[in-house]
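Engineer: Could you have a look at this structure, given as structure tokens, before my questions?
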Amino acid sequence: MIERVLAVRHDKIGDFVLYWPALFLLKTALPKASIEVFVSPAVKSLAEACPYVDHVIVDIGDDKVTSQKFIQRDYDAVIVSCSEFRIYRMIRHLEKAYKLAPKHNWYQYLYKHTADAQYKLGEPCWRGGCMLVEHFLTQQGINIPNLPQKYWDVSEEKQKWQTYYEKEPQERLIFIHAGTGGSSGSLSPKDFANLAIDISNNTNVDCKFVLTYSGNEEQLAQQIYERLSQKSVKAIMAKPLPNLADFAKSIVAADMFMAGSTGPLHLAGLHNIPTVGFYAGRKSAPIVRWQTLSHKERRLSYAPPVGKLTGKNMSLIDFKTVAKDVVSYLDSNYG
């Protein structure tokens, strides 16, 4: 009987968010088991808030101490979705555990159990984590559950967060996050502001733009706010929240979330919030690979022309088309 499973996903915020489908499969298939995760410090609060996680171990950088924690937890299975040689060294002493790793890098041959985690062409990258879990469940003779319509239901908190973001009864809250993550570019404050102005001027919906930020991203949000204020477009600077989990929950207040940073976009996807994402123009098609968990009809995605000279130049995106699409979505769904 499987009583305790460790899932290793100790990388960036967006990567952990896109692991929620795999965690859902594990917890749903093994409801009586303790599903535990090994994560980076940046996602600790979010991992603790995840409804499919029972225990969190944070990567403190001390592999010897962490290895002892793993031994003390006495795992029946370890699923290594973020595979590194140091991870193998930390879990190799777990003799009882079924250890599963993806088929890549030379150290895959150190594992008795490996599985293909390469998502197929045209599939989102979150499929990779699910493929490992599906392999594990199949090996254990356990049925694979169907994925849910929404990964995080905090609807009971929606009104609280709408009040926090100063929503008036007739308004729709359009979140804009102007920062950028490590895997994507983002729009300039000027382009974000001009886009918001164009949307505000053409939609039948009463929009209020909520400018979110973290750390030094505040300067970007402030530039957008000043431009919108000059044009009498309703906007607020979002008051900072104490941790990532609170910010992630607060996104339930949004009627739309716009960003070029994939981390915040993926957080919105957990709530099935409509997302407007801006991605680099690459042959690897990040629009498909890094798509959010929101339903297909709730995802609007844009990129500059593919190419070495054009792919990273986000100013080359056709913002007139973006504004037209967003206005059409708002008017059709909220008008």
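Engineer: Which percent of the Cα-Cα distances in the stretch 105-158 go past 15 Å?
Structural biologist: In whole percent, the share of Cα-Cα pairs in the stretch 105-158 beyond 15 Å is 65.
Engineer: Right, next: Pairs of Cα atoms under 8 Å, at least six residues apart: use those to get the relative contact order of the stretch 1-47, whole percent.
Structural biologist: 54
Engineer: Just grab the label-to-label distance for ASP54 and GLU166, each label 7 Å out from Cα along the Cβ direction, in nm (one decimal).
Structural biologist: 4.5
Engineer: Excluding residues on the same chain fewer than 8 positions from LYS320, give the lysines whose Cα lies under 26 Å from its Cα.
Structural biologist: Leaving aside lysines fewer than 8 places away in the same chain, those within reach of LYS320 are LYS190, LYS208, LYS231, LYS234, LYS283, LYS296, LYS308, LYS312.
Engineer: While we're here: D for the stretch 155-334, whole µm²/s, Stokes-Einstein with Kirkwood Rh over alpha-carbon pairs at 10 °C and 1.306 mPa s: what number?
Structural biologist: 98
Engineer: Quick one: order GLU166, GLU95, GLU36 by neighbouring beta-carbon count within 10 Å, fewest to most.
Structural biologist: GLU95, GLU166, GLU36
Engineer: Measure nothing fancy, just the Cα-based angle from helix 319-334's long axis to the longest principal axis of the chain, in degrees from 0 to 90, nearest 10.
Structural biologist: Rounded to the nearest ten degrees, it is 80.
Engineer: Kindly write out, for the stretch 18-31 in residue order, the coupling ³J(HN,Hα) from the Karplus curve 6.51 cos²θ - 1.76 cosθ + 1.60 (θ = phi - 60°), rounded to whole Hz, with x marking Gly and Pro.
Structural biologist: Once rounded to whole Hz, the list reads 6, 8, 4, x, 5, 5, 4, 4, 4, 5, 5, 6, 10, x.
Engineer: Take each of the peptides 50-61, 71-82, average the number of other beta-carbon atoms within 10 Å over its residues, and list them starting from the highest.
Structural biologist: 71-82, 50-61
Engineer: Another question, if that's okay. List the relative contact order of the chain as a percent without decimals, with contacts defined as Cα pairs under 8 Å and 6+ residues apart.
Structural biologist: Once divided by the residue count of the chain, the mean separation gives 15 percent.
Engineer: By its C-alpha gyration tensor, with a ≥ b ≥ c as the square roots of the eigenvalues, how is the stretch 149-199 shaped: rounded for a/c under 1.5, else prolate for a/b larger than b/c, else oblate?
Structural biologist: Oblate shape, in that a/c is at least 1.5 and b/c is the bigger or equal ratio.
Engineer: Also: Given 10 °C and 1.306 mPa s, compute D for the chain with the Stokes-Einstein relation, Rh being the Kirkwood radius over Cα pairs; round to the nearest whole µm²/s.
Structural biologist: After rounding, the answer is 75 µm²/s.
Engineer: Within 10 Å of each residue's Cβ, count the other Cβ atoms and sort SER188, SER284 from fewest upward.
Structural biologist: SER284, SER188
Engineer: Something else now. Relative contact order for the stretch 75-121: what is it in percent, counting Cα pairs under 8 Å that are at least 6 residues apart?
Structural biologist: For the stretch 75-121, the relative contact order is 35 percent.
Engineer: Residue by residue through the stretch 121-138, which ³J(HN,Hα) values in whole Hz follow from phi under the Karplus form 6.51 cos²θ - 1.76 cosθ + 1.60 (θ = phi - 60°), with glycine and proline marked x?
Structural biologist: 4, x, 9, x, 5, 5, 5, x, x, 5, 4, 5, 5, 4, 4, 4, 5, 4
Engineer: Let me ask something additional. Relative to the longest principal axis of the chain, what angle (0 to 90°, nearest 10) does the C-alpha long axis of helix 189-202 take?
Structural biologist: The angle comes out near 60 degrees.
Engineer: Provide Rg and Dmax in Å for the stretch 160-245, with only Cα atoms included in the calculation.
Structural biologist: 12.9, 37
Engineer: For the stretch 4-139, just the Cα set please: Rg and Dmax, both in angstrom.
Structural biologist: That works out to 13.6, 41 Å for Rg and Dmax.
Engineer: Order by neighbour count: THR310, THR275, fewest other Cβ atoms within 10 Å first, most last.
Structural biologist: Ascending number of Cβ neighbours within 10 Å: THR310, THR275.
Values in this text are rule-based calculations from the coordinates and carry no lab data. Since this is a predicted model, take the numbers as computed values, not measurements. Glycine also receives a Cβ, built like all others from the backbone with ideal geometry; neighbour counts cover every protein chain displayed.
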